[in-house]
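This report concerns only the one structure given below.
The values are calculated or read from the model by the stated rules, or taken from the named source; none is laboratory data. This one's a predicted model, so the numbers in the text were calculated from it and none came from an experiment. Positions of Cβ are generated from backbone atoms using ideal geometry, with glycine treated the same way; all protein chains shown enter the neighbour counts. When the accessible area is computed, the model is the full protein with side chains, heavy atoms only, and any ligands, DNA or RNA have been set aside. Shrake-Rupley method; radii C 1.70, N 1.55, O 1.52, S 1.80 Å.
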Amino acid sequence: MILDAFSLKGKVAIVTGSNTGLGQGICRAYVEAGAKVVGVSRRPSTETAEMLGDENFYNVIADLSSCDVIPTVVEETIKRFGRVDILVNNAGIIKRQDSIEFSEENWDSVINVNLKTVFFLTQAVAKQFLTQGSGGKIINIASMLSYQGGIRVPSYTASKSAIRGITMTLANEWAKYGINVNGIAPGYMATSNTQQLRQDEERSADILARIPAGRWGTPADLEGAAVFLASAASDYVNGFTLAVDGGWLGR
Ligand code: NAP
């Protein structure tokens, strides 16, 4: 049955940024699809744990602004659930400031969380995939700014454009091991990431007017793509970043 190809039964996923927003939605969808999930978060993922139950969800508290936490994330996952099959690099931050004044701190903090740690966590998990010998799925959460320039967010655009780039690089190198590396580019979603933007009446109205679907997205809108790219249904999809954007990029 085709729907069986979308099942995540018996799979173990690591999802970063599991306490809120898009990451919390992905954790929920994966458990519903049959997976066990290790959520990585800076603040405790209390709400996510209550929603999903201790038998399905385990929270590793880690600050992903440094690569030092990477061995712990992988070791804790293996200790709790015995293996790892899926990694979703979802945790991310954005800093808004005019490019003419953009600070080094706003550059480094975004690049560290959104790009550097993503690369080295992915590398560590891919090594675990190779040890296990049964392939795996990597899903990088990209952005419309993997395709477009944006305004006042140079480090975010740099990080998300690079994410789309390395998604292709890693797919090129690892497809032969049965490791699928793909991305999801969410459009404008109503989460804390876009709170500031949604509070700016003018920008908010401009954005909404340009979305063909006529509304901001929600975490639930991302879940189908996240399950697809984590499942056997996407075994021949490599290095592609799928937009889930209510039509934004097509405008
Ligand atoms: P969000 O609600 O702000 O969630 C971001 C998540 O990342 C939170 O769980 C946050 O934890 C975590 N995080 C940030 N810095 C971290 C760190 N140093 N260590 C560990 N975790 C950290 O935003 P979201 O919209 O769900 O964003 C999820 C992803 O989607 C991000 O990569 C974002 O760039 C991307 N995205 C979002 C949109 C959108 O419109 N919302 C569009 C395109 C792409 P804390 O709560 O503890 O900070």
Number of positions in the stretch 3-20 that are within 16 Å of the ligand (Cβ to nearest atom) and either among the aromatic types (Phe, Trp, Tyr) or at pLDDT below 95 (or both)
0
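Rundown of residues vs (1) surrounded by fewer than 15 Cβ atoms within 10 Å (Cβ to Cβ); (2) at pLDDT 95 or above; (3) more than 16 Å from the ligand (Cβ to nearest atom), yes/no style:
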residue: GLN199; (1), (2), (3): yes, no, no
residue: SER204; (1), (2), (3): no, no, no
residue: LEU222; (1), (2), (3): no, yes, no
residue: LEU229; (1), (2), (3): no, yes, no
residue: THR241; (1), (2), (3): no, yes, no
Hey, ALA209 under 21 Å from the mean Cα position of the chain (by Cα) and at negative phi or not:
no
For SER66, which of the numbered conditions (1) surrounded by 15 or more Cβ atoms within 10 Å (Cβ to Cβ); (2) of a type outside the set (Phe, Trp, Tyr); (3) within 10 Å of the ligand (Cβ to nearest atom) fails to hold?
(1)
Hey, could you check the stretch 21-54 for residues that are open to solvent by less than 60 Å² (accessible area, probe 1.4 Å) and part of a loop (DSSP other than H, G, I, E, B) and say which is farthest from the ligand (Cβ to nearest atom)?
GLY34
Scanning the stretch 149-197 for residues that are without any contact (Cβ under 8 Å) to a residue 24 or more places away in the chain and outside any helix (DSSP H, G or I) gives GLY149, GLY150, ILE151
Output the number of the condition that ALA91 fails; it satisfies all remaining conditions of (1) surrounded by fewer than 21 Cβ atoms within 10 Å (Cβ to Cβ); (2) hydrophobic (A, V, I, L, M, F, W, C); (3) within 30 Å of GLY150 (Cα to Cα).
(1)
Using the structure shown, decide if GLY214 is surrounded by fewer than 20 Cβ atoms within 10 Å (Cβ to Cβ), free of Cβ contacts under 8 Å to residues at least 40 places away in the same chain and either more than 11 Å from the ligand (Cβ to nearest atom) or within 26 Å of SER7 (Cα to Cα) (or both).
yes
